[in-house]
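Down below is the structure, laid out as C-alpha cells.
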Amino acid sequence: MSWETDVIDGLRDANIDLVTQLPDGAMDAVVEGLDEAGVRTLRVEREESAIAAASGIWVTGNRGAVICQSSGLANTLNAIGSLSVPARLPFLALVTRRGDLGEFNVAQVPAGYGLPAMMDEMGVRNTVVSEPESIRQTVRMAAETAFSTRTPYVVFFDTTVTGYGQEAQ
Amino acid sequence: MVADQFACTAAVLEETPDAVVVSNLGVASYVLAEVQDRERNFYLWGSMGSTTATGIGVALGTDEQVTVLAGDGSLTMSLGVCSTVATAAPPNLTVVCFDNGIYGTTGGQPTPSIDFAAAAEAQGLPATSVADDAAFAEAYADAVARDGPSLIECMVEPSDPEARPTFDFPHIPRRVRDSLAE
C-alpha cells in the first residue's frame, strides 16, 4: 500500500467531490488515481484559483480539496485570508512540503519551512505529516474537521513521506 | 458610447433570475446589492483577483446558471483564469468583465488598457465586447443560451453606488448554499 493510495482512499472516505490542483511530480499518482476513481479534478492556472474554486463549490453543497506544493500555497495567502477564512468557506488542502528535511534548494526554504507558522498566524489549523503511517485517517479527519467547523484545514506532507532527494539527483 | 453598469446588472437578473451571481469586491458588489439583494447573490468582500475562480467552483457544483461579475482591475490580476474556465468548460458559466477603466474602490486610479475579449479568446474562451446596454443584453442572452462558457467584456462608465452595505460575510455564502439546496 503506497502513501499515494492512502491519500486517495482518505479523500474518498471524506467524500471529496472536487480536487483543484496544479501539477506536482510528487502528487502525480494521486491525481491520476483520483481521475481513475471518478473524483473530479480541476487543473488551475494559479494556486490562488485552486483555493477560490474549492471554496466556491462549498455553496453548492459539495466538498472541495486543494493539492499543491508549499511554494504554491504561498501564492494563496490573500485568497485564504480574505475569502476562505472570513467567509467561512471550508476546504481541505494537501500540500507537499519543501524547505525542511532534506532540502537542497534555498529558494524553497523561507516559504516552505515557514508555512505552518504562517498558517497559524492566519488562524488556519494545520498539521505536518512526517511518517507515512495513518495518512488515510489523517486525511479523512482533516477533511471532517474542515467541513464540520466550516474552516480550512491544511495537511503538509514532509519529504520523509513524499520521497527524499528525487529532485537533487 | 458606453454601457451603464446598473442597467447591465439589472439585465443579468432579468434574463437569469435564478442564477448564482458571484460579484467582485467593491463596485460590482455594491451595484448588484443596489439593483437587487437576493439569496443567490454571492458578494465577495475581498480576495481581489479570485472572483472568476470562485465562480468556476460554483459552476462545477450546480446545474444552475452561474454568472461572474468581475471588474477590469480584478481580472487583470488573474487574467490566466480564462484558461482555467476554457479548460474546465462548465456549460453554465458566464463571465462578465465590467471595464470602467479605473480601480473604482481605491480612488479611481487608471487600470491598464487591456482587450479582455481578445485575451480570453487567446486562451480558448469565447468572448465578445460590447459598449451599450442593448448590445450587452443581447450578448448576455446569447452567452447563457450557448453550450459552454464565455466572457463578455462590457465597457461602462465609472459608477458611484449609493449603497455600500456592510455584508455579513459568513452569512452570504451560507444563504446561497441554502437557496441551492431548496
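For segment B:23-45, the set of residues classified as in contact (Cβ under 8 Å) with a residue 40 or more places away in the chain, within 14 Å of chain A (Cβ to nearest Cβ) and either open to solvent by less than 40 Å² (accessible area, probe 1.4 Å) or more than 25 Å from A:P86 (Cα to Cα) (or both) consists of B:S23, B:N24, B:G26, B:S29, B:R40, B:N41, B:F42, B:Y43, listed by residue number. Considering segment A:77-101, the residues that are in a helix (DSSP H, G or I) and surrounded by fewer than 24 Cβ atoms within 10 Å (Cβ to Cβ) include one that is nearest to the other protein chains (Cβ to nearest Cβ), namely A:S82. Considering each of B:V20, B:V12 in turn, give the residue that is within 26 Å of B:G124 (Cβ to Cβ), open to solvent by less than 10 Å² (accessible area, probe 1.4 Å) and either out of contact with any Lys or Arg (no Cβ under 8 Å at 6 or more places or on another chain) or at pLDDT below 95 (or both). Matching residue, one of B:V20, B:V12: B:V12. Candidates in segment B:73-93 are the residues that are of a type in the set (V, I, T) and surrounded by fewer than 22 Cβ atoms within 10 Å (Cβ to Cβ); of these, the one that is farthest from B:D160 (Cα to Cα) is B:T87.
Checking each residue in segment B:8-34 for being assigned to a helix (DSSP H, G or I) and either aromatic (F, W, Y) or touching a Phe, Trp or Tyr at 6+ places or on another chain (Cβ under 8 Å) (or both) picks out B:C8, B:A11, B:V12, B:E15, B:V27, B:A28, B:S29, B:Y30, B:V31, B:L32, B:A33, B:E34.
Can you tell me which residue in segment B:58-72 is nearest to A:G56 (Cα to Cα), limited to those that are part of a helix (DSSP H, G or I) and open to solvent by less than 10 Å² (accessible area, probe 1.4 Å)? If we take residues in segment B:58-72 being part of a helix (DSSP H, G or I) and open to solvent by less than 10 Å² (accessible area, probe 1.4 Å), then B:V58 is nearest to A:G56 (Cα to Cα). Hey, does segment A:125-148 have a residue that's assigned to a loop (DSSP other than H, G, I, E, B), within 14 Å of chain B (Cβ to nearest Cβ) and either open to solvent by less than 10 Å² (accessible area, probe 1.4 Å) or modelled with pLDDT of 95 or more (or both)? For segment A:125-148, residues assigned to a loop (DSSP other than H, G, I, E, B), within 14 Å of chain B (Cβ to nearest Cβ) and either open to solvent by less than 10 Å² (accessible area, probe 1.4 Å) or modelled with pLDDT of 95 or more (or both): absent. Applying the selection to segment B:146-182, what residues are within 13 Å of another protein chain (Cβ to nearest Cβ) and among the small types (G, A, S)? Across segment B:146-182, the qualifying residues are B:S179, B:A181. Need the failing condition index for B:I102 against (1) open to solvent by less than 30 Å² (accessible area, probe 1.4 Å); (2) hydrophobic (A, V, I, L, M, F, W, C); (3) more than 10 Å from every other protein chain (Cβ to nearest Cβ), just the number. Tallying (1) open to solvent by less than 30 Å² (accessible area, probe 1.4 Å); (2) hydrophobic (A, V, I, L, M, F, W, C); (3) more than 10 Å from every other protein chain (Cβ to nearest Cβ), B:I102 fails exactly one: (1). Among the residues of segment A:59-76, those identified as more than 7 Å from chain B (Cβ to nearest Cβ) and either more than 15 Å from A:L22 (Cβ to Cβ) or open to solvent by 10 Å² or more (accessible area, probe 1.4 Å) (or both) are A:R63, A:Q69, A:S71, A:A74, A:N75.
The values are calculated or read from the model by the stated rules, or taken from the named source; none is laboratory data. Values in this document were obtained by computation on a predicted structure and should not be read as measured data. Note: ideal-geometry Cβ built from the backbone for every residue, glycine included; neighbour counts use all protein chains shown. Accessible surface is based on the protein model in full, side chains and every heavy atom, while ligands, DNA and RNA are left aside. Shrake-Rupley method; radii C 1.70, N 1.55, O 1.52, S 1.80 Å.
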